[in-house]
């Protein structure tokens, strides 16, 4: 028969283990909850994933002309969609409402590393084109009210085996001029005949996505902002470092309990 004080010791230890389990699970769940605004398997890029400080041109050293890159992780696929303006109305397709996404040579990306040695005017061969044939449904939701959701078409930008820094290439709609514009080229430059008058990534949409805005001097309506957002999926990728550490700790607790049972 177990002595009373020994029973109390067991109950106390069990309470501590139970509390530790809850703490560890919260440490795992909370970092994942921060990735809010888009349903799995997709995850959002943050403001820190975009950079507007690379290769500032001396003759275009002003905010709206900054070169904008996106850092992507190896083992992930990047998708583009329209931004969410409201959860109380359908989110229009990115194609036709903001940019031309269908057909060959309509949108794509440029590896920043591939631009080394190329002139600022002649880099068309460095563009990796997507054709809009690979699409999926992406569902965004309101962080403050997860019941509010909207689903729109996502267009595959590309799949990346290794970490990469990329520039984003889009094509304006025929009514806007049908020009290929990107986050590397000259902006508002008469010598290069571009309709691109600005680019920025300083705002967020209703789902918390970074809004990439290309200001266009539209052939039909004049200056207008055309926007898109990027998300990624990383199926099979390691969990964020904190979550991994927590899971390892959780496993250690379980292993300790198993050893005690065997003793």
Is one or more of the residues making up region 75-88 in contact with a strand residue (DSSP E or B) (Cβ under 7 Å, 6 or more places away or on another chain) and within 16 Å of residue 183 (Cα to Cα)?
-> yes
Selection over region 216-247 where residues are crowded, with 17+ Cβ neighbours inside 10 Å, modelled with pLDDT under 50 and under 16 Å from the mean Cα position of the chain (by Cα) yields a count of 0
Within region 137-161, which residues are in contact with a strand residue (DSSP E or B) (Cβ under 9 Å, 6 or more places away or on another chain), touching a residue at least 24 places away in the same chain (Cβ under 8 Å) and over 18 Å from residue 94 (Cα atoms)?
-> 142, 148, 159, 160
For region 117-151, which residues satisfy the criterion of being more than 30 Å from residue 192 (Cα to Cα) and in a loop (DSSP other than H, G, I, E, B)?
-> 133, 134, 142, 143, 144, 145, 146, 147, 148
If we keep only residues of region 81-105 that are on the phi < 0 side of the Ramachandran plot and not in a loop (DSSP other than H, G, I, E, B), then the residue surrounded by the most Cβ atoms within 10 Å (Cβ to Cβ) is 81
(1) within 27 Å of residue 189 (Cβ to Cβ); (2) in a loop (DSSP other than H, G, I, E, B); (3) at pLDDT below 95 all hold for residue 64 apart from (2)
With criteria (1) surrounded by fewer than 17 Cβ atoms within 10 Å (Cβ to Cβ); (2) at pLDDT 95 or above, residue 259 comes up short on (2)
Among the candidates 108, 154, 178, residue that is assigned to a strand (DSSP E or B), at pLDDT 95 or above, over 14 Å from the mean Cα position of the chain (by Cα) and surrounded by 13 or more Cβ atoms within 10 Å (Cβ to Cβ) = 108
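The values are calculated or read from the model by the stated rules, or taken from the named source; none is laboratory data. None of these values were measured; they are calculated from a predicted model. Every residue, glycine among them, receives a Cβ derived from its backbone with ideal geometry; neighbour counts consider all protein chains shown.
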